[in-house]
Amino acid sequence: MNTFEQFEQHESGIRSYCRSFPVIFKQARGAELITREGKHYIDFLAGAGTLNYGHNNPVLKKALIEYLENDGITHGLDMYSEAKERFLETFHRVILEPRSFGDYVVQFTGPTGSNSVEAALKLARKVTGRSNVISFTNGFHGVTVGALATTGNGHHRGAAGVPLTDVSRMPYANYFGDKVNTIAMMDKLLSDPSSGIDKPAAVIVEVVQGEGGLNAASADWMRKLEKLCRKHEMLLIADDIQAGCGRTGTFFSFEEMGIKPDIITLSKSLSGFGLPFAVVVMRRELDQWEPGEHNGTFRGNNHAFVTAAAAIEHFWTNDEFAKSVQAKGKIIRERMQKIVRKYGPDSLFVKGRGMMLGISCPDGDTASAICREAFEMGLVIETSGNHSQVVKCLCPLIISEEQIDQAMSILDKAFGKVMGDNVANQAS
Ligand SMILES: *Cc1c(COP(=O)(O)O)cnc(C)c1O
């Protein structure tokens, strides 16, 4: 009997990650996944950035269990609940206020990142009365039609079945290498009434492109982008769904760049526990919604309010956690640079920022072969990038240094197996 019979017989062919990791997982703790047979894997995928605080984080689990045992509200549409009140208060006090976003308001959208992007785009179009939006090459903002129009990935776009419109694609930072100033290019296009680019409502951008291959915009580029937005009266939407919640070493990925997006989307690790949860954070003046205009049954997830508030309270009331993320990011980067030097100083390079890092390989086949080898040795790790050429390390931020060491040793061996020839060349 086939081990995966239930899935292969009864689940749609749409399933994808399971194809890279053909085992049945039963439990998970911290940075580890455990199969039905009891095999342990270190998780360098972490729900694509949804499990920044690890699987079943005991602090969050305890808060949720207590809430459940007290018959706390599970579902209440968007009615006032004590859990929501606590989340709003905590998020404002610990995250927004100290980062000079104290006057921003929070919109609870449907519980997916895509839905918060949909809401952000709708709002920008409603407020400005314009339909065009600028998004970037290799950007990923979700796969519902409005969000998909801003996403670059051809595989996902191909499934839309309808035209994906009202978006002008612009080259991301360093898309043409570091000699080409893509901001100046955009400025020229936007200043030319005959360029063919309709005046946009907004620019939507990832400060580090998660799915697009860990392309990281510099602080300088982001500041210039913000200036460009002000000059051409476009709203700046920072999609921090993957890069946010501490992944780059600060709560928001743009925090130390001195910019202030008009709208921020957050999801993935916001609940902290892997529960579905998404928000749009916006400048108060932009909050021109009529009640219920962007509706949804699951706007705000009370269980997620509980775990999100607990996560913010536990990890963000001082800078200890942020500092540990920065330190671990450095360790991982150094280990990656070692791998690069060892197996391909001319063909491999490290990409990303904080604990959002990867190694770019010559092609997608190489990267996926490396991930397959790593999985055999007990490491769950995936590729990203326009050609799936980047081996992406997205481990839980709470991972121990021992686990990092273990995982990086596995990754080293996997690179060795797949790129062994280069080592031979280097030695000769
Ligand atoms: C994952 C992601 C989304 C989409 O979120 P879903 O929950 O998958 O709909 C949007 N933007 C970015 C940057 C993401 O990483």
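Tally Lys and Arg at +1 and Asp and Glu at -1 over the other residues with C-beta under 14 Å from the C-beta of V94: what net charge comes out? Present the calculation step by step, with values, prior to reporting the outcome.
Working: positive: R86, R93, R99; negative: E89, E97, E255, E313, D319, E320.
Cβ neighbours under 14 Å give a net charge of -3.
Annotation: amide H of E382 within the under-5 Å range of K392, sequence separation 5 or more or interchain, hydrogens built in the peptide plane.
Return the subset of K39/K61; K39/K330; K188/K227; K260/K330; K26/K330 for which the Cα-Cα distance in this structure is over 20 Å, preserving the input order. Kindly include the intermediate steps, with their values, before the conclusion.
Details: K39/K61 23 Å; K39/K330 29 Å; K188/K227 14 Å; K260/K330 26 Å; K26/K330 32 Å.
In this structure, K39/K61; K39/K330; K260/K330; K26/K330 exceed 20 Å between Cα atoms.
By definition, a body whose alpha carbon gyration tensor gives a ≥ b ≥ c is oblate when a/c is 1.5 or more and a/b is not larger than b/c, and the range 154-206 fits this oblate description.
Across the options L121, V203, G292, the greatest Cα extent toward the positive end of the charge dipole of the range 72-315 (unit charges at beta carbon of Lys, Arg, Asp, Glu) belongs to V203. Taking amide H as placed 1.01 Å from N in the peptide plane, the amide H of V167 sits under 5 Å from that of V133, each at least 5 places away or on another chain.
Hey, can you list the DSSP H helices of the chain whose Cα span along the axis is 15 Å or longer and whose average Kyte-Doolittle score is at least -1.0? Flagged H segments are 58-69, 113-128, 302-316, 320-343, 364-376, 401-427.
Accessible surface calculations at 1.4 Å, restricted to protein heavy atoms, place the range 282-322 at 48 Å² per residue. Karplus-based coupling profile of the range 207-214, in residue order and whole Hz: 6, 10, 7, x, 6, x, x, 6, with θ = phi - 60° in 6.51 cos²θ - 1.76 cosθ + 1.60 and x standing for Gly or Pro. Computed from phi, the 3J(HN,Hα) profile of the range 41-47 under the Karplus parametrisation 6.51, -1.76, 1.60 (θ = phi - 60°) reads 10, 7, 9, 9, 10, 6, x Hz, with x in place of Gly and Pro. Percent of C-alpha pairs per 10 Å bin in the chain, short distances first: 4, 21, 31, 27, 13, 3, 0, 0.
Here the accessible area is traced with a 1.4 Å probe on the protein chains. For the range 177-292, carbon and sulfur cover 49 percent of it. Note on the chain: with a GNM built from Cα contacts shorter than 10 Å, the maximum mean-square fluctuation among D405, D239, D192 falls on D192.
Rank-order 248-255, 377-384, 412-419 by packing density, defined as the average count of other C-beta atoms within 10 Å over each peptide's residues, highest first.
On the way: 248-255: 23.6, 377-384: 21.9, 412-419: 19.9.
Packing proxy ranking, top to bottom: 248-255, 377-384, 412-419.
For L235, the amide hydrogen comes within under 5 Å of the amide hydrogens of A202, V203, counting only partners 5 or more places away or on other chains and with H modelled in the peptide plane.
What dipole magnitude, in Debye to the nearest 20, does the chain give about its Cα centre under +1 on Lys/Arg Cβ and -1 on Asp/Glu Cβ? All intermediate terms of the calculation are to be shown ahead of the outcome.
On the way: 46 positive and 50 negative charges, 164 e Å.
For this selection, approximately 780 debye.
Spin-label model, K39 to D187: label points 7 Å out along the Cα-to-beta-carbon direction sit 5.5 nm apart.
Counting only helical runs of four or more DSSP H residues, what would the 222 nm mean residue ellipticity of the chain come to if each run contributes -39,500 (n - 2.57) and the total is spread over all its residues? Each step should come with its number before you reach the end.
Details: 14 runs with 163 residues, N = 428.
Helix-only estimate at 222 nm: -11500 deg cm²/dmol.
Report the local net charge at E313: Lys and Arg +1, Asp and Glu -1, summed over other residues whose C-beta lies under 11 Å from its C-beta. Numbers along the way, then the final one.
On the way: positive: R86, R93; negative: E89.
Residues near E313 contribute +1 overall.
A straight chain from F4 to N56 at 0.36 nm per residue would run longer than the Cα-Cα distance by 16.2 nm.
With every protein chain kept in place and ligands, DNA and RNA left out, what is the accessible area per residue of the range 1-146? Probe 1.4 Å, answer in Å². Numbers along the way, then the final one.
Working: 7670 Å² over 146 residues.
I get 53 Å² per residue for the range 1-146.
Across all Cα pairs in the range 72-315, the calculated P(r) in 5 Å bins from zero up to the longest distance comes to 1, 7, 14, 19, 20, 17, 12, 7, 3, 1, 0, 0 percent per bin. Look at where the Cα atoms of the range 69-113 and of the range 160-199 average out, and the two centres are 35 Å apart. Of the solvent-accessible surface of the range 1-98, computed with a 1.4 Å probe over protein heavy atoms with every protein chain present, carbon and sulfur atoms account for 53 percent. Scoring 300-307, 59-66, 176-183 by mean Cβ neighbours within 10 Å over their residues and listing the highest first yields 300-307, 59-66, 176-183.
Working note: Karplus 6.51/-1.76/1.60 with θ = phi - 60° gives the range 385-396 the couplings x, 5, 10, 6, 8, 9, 7, 9, 9, 10, 6, x Hz, where Gly and Pro are set to x.
The values are calculated or read from the model by the stated rules, or taken from the named source; none is laboratory data. Given the structure is predicted, the values throughout are model-derived calculations rather than measurements. Please note: Cβ atoms are built from the backbone with ideal geometry, for glycine as well, and neighbour counts cover all protein chains shown. Areas reflect the complete protein model, heavy atoms only, side chains present, ligands, DNA and RNA absent. Shrake-Rupley method; radii C 1.70, N 1.55, O 1.52, S 1.80 Å.
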